Amino acid sequence: MNYRSLTMTTPVDKDFRYSESIRTLRTNILFSGSNVHTVLITSTSPNEGKSTVSFDLARAFSESGKRTLYVDCDIRNSEFVSVHAARDTSQNEILGLSQILTGQVPIEEGFYKTDMIPNLDIVMSGPYSPNAAELFEDEMCECFFRRVKEEGYDMVILDTAPVGTVIDAAILSRYADGTVLICESEITSRKLLKKSKAQLDRTGTRFLGVIINKVNMSKNGYYGNYYKKYSKNYGDYRSYGYYGGYGRGGSDLS
C-alpha cells in the first residue's frame with residue numbers, strides 16, 4: 001500500500017501515573033487472548049477522554065514494536081486533527097474514513113504513516129458526516145475492514161463515538177475482537193454505565209472491561225500515595241492527570 005505521510009504535533013506525556021496506566025492497559029489487552037487484534041474503544045458520553053486514551057494506547061502498542069493501526073471512527077465529532085495538529089506533509093487535504101465509506105477516495109488513499117511514531121499508521125475520520133450509522137452499515141465499510149485485515153496489523157484500535165449517545169459503536173463492534181468502555185470517575189452515573197454496557201452486550205461483542213478515566217489521584221489513599229512516591233523516580237506528573245483502570249473487575253455492573 002502506498003501510504004501518505006502525516007506530520008503531527010503530539011506532546012510527550014510526563015505524567016508517570018498516566019503513562020503507567022496506559023502500559024498496564026496495553027498489557028491487560030495482550031493477556032485477553034492471542035485472537036484479540038482489533039479493539040473497539042467507546043465511552044458512555046462525550047468528553048470522557050476516549051480519544052486521548054485510544055490514541056495513546058495505539059501509540060503504546062506501536063512503541064512496543066507491534067505494527068499498529070489507529071482508526072478514528074468518530075466521523076460525527078472528531079477532534080484528532082485539532083488536538084494533534086496533524087497535516088499532510090504534501091500540504092494536501094487530509095483524507096479520511098468518511099470519504100472512503102462514501103466512495104470519494106480509494107481505500108488505500110486514507111492510510112497515513114506518522115513522522116514521529118514508528119510502527120503506527122493512522123486513518124483519520126475525514127469530514128463530518130450526519131449519516132454515520134448508515135455509512136457503517138454499508139458494504140463499503142465491510143470492504144474497508146477487509147482491507148485492514150489484509151494488511152496484517154498486529155493491533156488495530158478503533159476510536160468510536162460514545163455508545164451512550166449514538167449507535168455507531170454498536171454497529172462497528174462486528175469488526176472488533178473485543179470492546180472496551182470508558183467512563184469518567186465521579187461523573188458518569190451508574191445508570192448510564194449499565195445502559196451503555198447493555199447496548200454493547202446486545203451486539204454479542206466480547207466485552208473486555210471498563211476504563212475508569214480522570215481519577216483524582218491527589219486524594220488521599222493507597223494509590224495516590226503510591227504514584228506520588230514512585231513518580232519521583234520516573235519523571236514529573238500533573239496533579240490533574242488521567243488515570244485508567246482496566247479489567248473485568250474494574251467496575252461493578254451488576
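The values are calculated or read from the model by the stated rules, or taken from the named source; none is laboratory data. Because the structure is predicted, anything quoted here is derived from the model rather than measured. Backbone-built Cβ (ideal geometry, glycine too); neighbour counts: all protein chains shown.
Could you grab the pairs with beta carbons closer than 6 Å, sequence gap of 6+ or different chains, first residue in region 39-66 and farther than 15 Å from V156 by Cβ and without any contact (Cβ under 8 Å) to a residue 40 or more places away in the chain, second one part of a strand (DSSP E or B) and among the β-branched types (V, I, T)?
none
Listed here are the residues, each with its yes/no results for (1) modelled with pLDDT of 85 or more; (2) within 13 Å of the chain's Cα centre (by Cα).
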| residue | (1), (2) |
| --- | --- |
| T38 | yes, yes |
| T44 | yes, no |
| V53 | yes, yes |
| D56 | yes, yes |
| R59 | yes, yes |
| E63 | yes, no |
| R67 | yes, no |
| E79 | no, yes |
| H84 | no, no |
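Only one residue in R17, R23, R76 is among the basic types (K, R), part of a helix (DSSP H, G or I) and either surrounded by fewer than 22 Cβ atoms within 10 Å (Cβ to Cβ) or in contact with a strand residue (DSSP E or B) (Cβ under 8 Å, 6 or more places away or on another chain) (or both), so which one is that?
On the way: R17 fails: either surrounded by fewer than 22 Cβ atoms within 10 Å (Cβ to Cβ) or in contact with a strand residue (DSSP E or B) (Cβ under 8 Å, 6 or more places away or on another chain) (or both); R76 fails: part of a helix (DSSP H, G or I).
The unique qualifying residue is R23.
A quick yes/no check of all residues on (1) part of a loop (DSSP other than H, G, I, E, B); (2) over 19 Å from T42 (Cβ atoms); (3) of a type in the set (D, E, K, R):
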| residue | (1), (2), (3) |
| --- | --- |
| I100 | no, yes, no |
| Q104 | yes, yes, no |
| I117 | yes, yes, no |
| V123 | no, no, no |
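State which residue is farthest from C143 (Cα to Cα) when the search covers only region 171-188 and only residues that are in a strand (DSSP E or B) and touching a Leu at 6+ places or on another chain (Cβ under 9 Å).
C183
Show the residue pairs meeting these rules: Cβ distance below 8 Å; 6+ apart or different chains; first residue within region 136-165 and at pLDDT 95 or above; second residue β-branched (V, I, T) and surrounded by fewer than 18 Cβ atoms within 10 Å (Cβ to Cβ).
Listed pairs, sorted by first residue: M140/T102.
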